[in-house]
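Each reported figure results from applying straightforward, stated rules to the coordinates on display, with no laboratory input. Treat the numbers as computed from the prediction; the structure is a model and nothing was measured. Neighbour counts run over all protein chains shown; Cβ positions are idealised from the backbone, glycine included.
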Amino acid sequence: MNSRPATLERRRSLYREAAEIIDHEYDRELELEDVARRIATSRRQLQRAFAEAGGTSFRSHLAAVRMSRALELLRAGTVPVREVAQTVGYRQPAQFAKAFRRHHGASPSAFRRLNGAAGAPQPLAA
């Protein structure tokens, strides 16, 4: 079933508004229900907006933004992994490490060792 053009545009608009909130507040605790309320829509409509306009889910989009920022901080090489976790919105470093590994295929520490502060690859310790 195809949606009407006005419905599609409304969902694109909801997605853009929610994505903007995530982009600016990824470091805070964000819940779908709260973001939906802030942009004057229902939880279900926002889920549909993420699925149809973003091709993703709210949780996946939030994780992608957090992981992107974490990558930048780890590449800089100056911030401890524990602080990177807190900076990108994770209260538990272990939870952050698990999410990072799932998203990037390596732990934050291994990523940092492989990529170094200046981006030059360094061997993994045995």
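Just how many % of Cα pairs in the chain lie over 24 Å apart, if you round to the nearest whole percent? It works out to 39 percent of all Cα pairs. Label-point separation (nm) for Glu52 and Arg12, each offset 7 Å from Cα along Cα-to-Cβ? Result for the modelled spin labels: 1.2 nm. Think of each Lys and Arg Cβ as +1 and each Asp and Glu Cβ as -1; about the Cα centre, that makes the dipole of the chain roughly 340 debye. The trypsin sites (Lys or Arg not before Pro) of segment 1-77 meeting both criteria, a DSSP state outside H, G, I, E and B (loop) and at most 16 other C-beta atoms within 10 angstrom of the site's C-beta, are Arg28.
How high is the FRET efficiency from Thr78 to Glu20, r the C-beta distance, R0 22 Å, rounded to 0.05? E(calc), rounded to 0.05, equals 0.20. According to the square roots a ≥ b ≥ c of the eigenvalues of the Cα gyration tensor, what is the shape class of segment 62-115, taking rounded for a/c under 1.5, prolate for a/b larger than b/c otherwise, and oblate for the remainder? Verdict is rounded for segment 62-115.
Across the options Leu62, Ala76, Gly105, the greatest Cα extent toward the positive end of the charge dipole of segment 62-115 (unit charges at beta carbon of Lys, Arg, Asp, Glu) belongs to Gly105.
Could you pull out the GluC sites (Glu not before Pro) across segment 5-65 that fall in loop regions by DSSP (anything but H, G, I, E, B) with no more than 10 other Cβ atoms inside 10 Å?
Glu29
Farthest toward the positive end of the dipole of the chain, out of Ala19, Leu30, Gln47, is the Cα of Gln47, where the dipole comes from beta carbon charges about the Cα centre. Would you please give the FRET efficiency between Arg38 and Ser109, computed as 1/(1 + (r/R0)^6) with r the Cβ-Cβ distance and R0 = 35 Å, to the nearest 0.05? Plugging the Cβ-Cβ distance into 1/(1 + (r/R0)^6) gives 0.45. Between helix 93-104 and the chain there is an angle of about 80 degrees, using the helix long axis and the longest principal axis of the Cα atoms.
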